[in-house]
Amino acid sequence: MKNSERDFDRDLSTPSSGSGCGPGWDALLQMLRDMRDGSDDGDDAIYVALVPNQANSAYLGCGGGGPYAAALSGLGTTFAQEVGHALGRMHAPSGGAVNTDPTYPDYLGSPDGGIGEFGFNTSTSDVHDPATTYDFMGGDRPRWVSPYTFINLKEAMVEQFRAINISLVAAPLPHETLHLRFRIHRGGQVELRPSFHLRTTRRLDRRRMSGVACELLDEAGNVLAFHRCHVLSLDQDPDGPFVDYSESMPWLDGATSIRFIARHQILHTHNIESGPPVLDANRSELSYGREPIELAWNAHRHDEQETTSGLTYMLRHSVDNGKTWRVVAAGLTKPSYTLNPRDLRGGENCCLQISASSGIRTTSIQGHSFTAPQSPRKAYILSPDQESTFRSGSPVLLRGGAVCADFGLAEMGDTVWTSSRDGRLGRGFQLVTQ
Ligand SMILES: [Zn+2]
């Protein structure tokens, strides 16, 4: 569990052109993918983004194509649906949802995509009528959960959080991993998108296979590695104007080109840069303390002394002297970053690493190791708002918790609510008081 703020400056209001959730939301999910791909988390990690709900947006959320979910904050059933997608669940058939689940049950006495039986909210005591309530994986409202979605989500969680998946972290790979991103337009043109290679841990890829493959070639044209690509997400229409791919495959230093193949035909051969970018940073300045710090570095392409355009950067953090890493920021296009120590764990063996990619080829610099303080949990009240007023005796839903990078989220039983007037109110992440 990690909780931190990230700057994200893309426009979320542009609707989809037929593939995905529009360029803004797609870029946000791509940032989550880069962050997870560059981090040595277990296979059980799910990356989620909560967007401030004042954001001007074409959609309420987007999720799936692996363990990724994003939504405007405060929308419980929307967020639940995106996390459902992140766990591989398709849409329930209501509200004109696309990519619906063909095995969704036809509950007697419920509309299409209904919940099939009465639901009860244990914190608000609200009752949900199966004749007028829809499953949260569909589009119609009001929404609650059906037994079908409940059981399937439980099974997906058991699978995702199995001990064997978490233990994969312990198995380091002999080579770096290439995290390859590309787009295939309807006419077959291949557009390479910012990619990178790093030493990262191996993970299972549970996505469905696509009809596309790619391979790394050496100077003489020999195939060094062949890789079958996956369907990125159920939001992408294969007949749309383009389809995006995001793949992780072995990286081999002798590779000079990448070949893209669909249905036994070579679509495109991309020449890899002849050398990695040149990256320069002061290793002793790559550290932090109690205050936010402005990090800066210099980089240019291998073959051009000055040009910095086309470079993307990733900042990673380690608390074990570089044995395992976690991404702080990914997809940066400027050679600087303001680091907030609140977002990072402390310890005696911290270090930071900057990576620069010129498309495929990647250079990394690791800073000197340093000691950073651990920070205590901070409490957050999510509802009610500070300005809310309530009639005396009416129910008030309290929601909140305490979290920090070093110690994660406080347990439900350790989260205590007290009032200056009534004293102790109770424990938990949510609770109804009067
Ligand atoms: Zn959806």
Within region 111-129, track down each residue that is at pLDDT 95 or above and within 29 Å of MET412 (Cβ to Cβ).
ILE115, GLY116, GLU117, PHE118, GLY119, PHE120, VAL127, HIS128, ASP129
Candidates GLY84, GLY113, filtered to the one that is within 27 Å of the chain's Cα centre (by Cα) and either within 16 Å of the ligand (Cβ to nearest atom) or surrounded by fewer than 13 Cβ atoms within 10 Å (Cβ to Cβ) (or both)
GLY84
Counted residues in region 331-375 being within 18 Å of LEU295 (Cα to Cα), out of contact with any Gly (no Cβ under 6 Å at 6 or more places or on another chain) and of a type in the set (A, V, I, L, M, F, W, C) come to 8
Sole miss for ALA45 among (1) under 30 Å from LEU397 (Cβ atoms); (2) of a type in the set (Gly, Ala, Ser); (3) within 12 Å of the ligand (Cβ to nearest atom) is condition (3)
How many residues does region 89-107 hold that are within 10 Å of the ligand (Cβ to nearest atom) and in contact with a Ser or Thr (Cβ under 8 Å, 6 or more places away or on another chain)?
4
Yes or no: region 129-150 includes at least one residue that is of a type in the set (A, V, I, L, M, F, W, C), more than 16 Å from the ligand (Cβ to nearest atom) and touching a strand residue (DSSP E or B) at 6+ places or on another chain (Cβ under 8 Å).
yes
Take the residues in region 313-352 that are part of a loop (DSSP other than H, G, I, E, B) and β-branched (Val, Ile, Thr); name whichever of them is surrounded by the most Cβ atoms within 10 Å (Cβ to Cβ).
VAL319
Scan region 37-59 and tell me whether some residue there is in a helix (DSSP H, G or I), closer than 30 Å to GLN353 by Cα and touching a strand residue (DSSP E or B) at 6+ places or on another chain (Cβ under 7 Å).
yes
Quick one: which of GLY367, GLY408 is touching a residue at least 40 places away in the same chain (Cβ under 8 Å), in the same structural domain as ASN282 (by TED's automatic domain parsing) and closer than 30 Å to LEU198 by Cα?
GLY367
Exactly one of (1) in contact with a Ser or Thr (Cβ under 6 Å, 6 or more places away or on another chain); (2) in a loop (DSSP other than H, G, I, E, B) is unmet by SER355. Its number?
(2)
Among all residue pairs at least 6 apart or on different chains, which show Cβ distances below 7 Å where the first residue, located in region 81-92, is closer than 13 Å to ASN152 by Cβ and the second is more than 8 Å from the ligand (Cβ to nearest atom) and of a type in the set (Lys, Arg)?
GLY88/ARG206
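Are any residues in region 415-434 touching a Lys or Arg at 6+ places or on another chain (Cβ under 9 Å) and either under 30 Å from LEU339 (Cα atoms) or surrounded by 13 or more Cβ atoms within 10 Å (Cβ to Cβ) (or both), and if so, which ones?
Correct list: THR415, VAL416, TRP417, PHE429, GLN430, LEU431.
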Of all residues in region 118-136, count the ones that are surrounded by 14 or more Cβ atoms within 10 Å (Cβ to Cβ) and acidic (Asp, Glu).
2
Matching option when the condition is among the hydroxyl-bearing types (Ser, Thr, Tyr) and in contact with a helix residue (DSSP H, G or I) (Cβ under 6 Å, 6 or more places away or on another chain), among TYR68, TYR107:
TYR68
Segments classed as strands (runs of 3 or more DSSP E), wholly inside region 210-298, with at least 1 members that are among the polar types (S, T, N, Q)
242-250, 257-262, 265-271
Listed by first then second residue, the pairs whose first member lies in region 129-150 and is farther than 11 Å from PRO93 by Cβ and assigned by TED's automatic domain parsing to the domain that holds GLY96, whose partner is outside any loop (DSSP other than H, G, I, E, B) and within 16 Å of the ligand (Cβ to nearest atom), with beta carbons under 6 Å and at least 6 positions apart or on separate chains, are PHE136/THR77; PHE136/ALA80; PHE136/GLN81; PHE136/ARG143; ARG143/THR77; ARG143/TYR134; SER146/ASP135; THR149/ASP135
Enumeration of residues in region 404-434 that are over 30 Å from the mean Cα position of the chain (by Cα) and at positive phi:
GLY423, GLY426
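The values are calculated or read from the model by the stated rules, or taken from the named source; none is laboratory data. Note that the structure is predicted; figures quoted are calculated from it, not measured. Glycine gets a Cβ as well: all are built from the backbone with ideal geometry, and neighbour counts include every protein chain shown.
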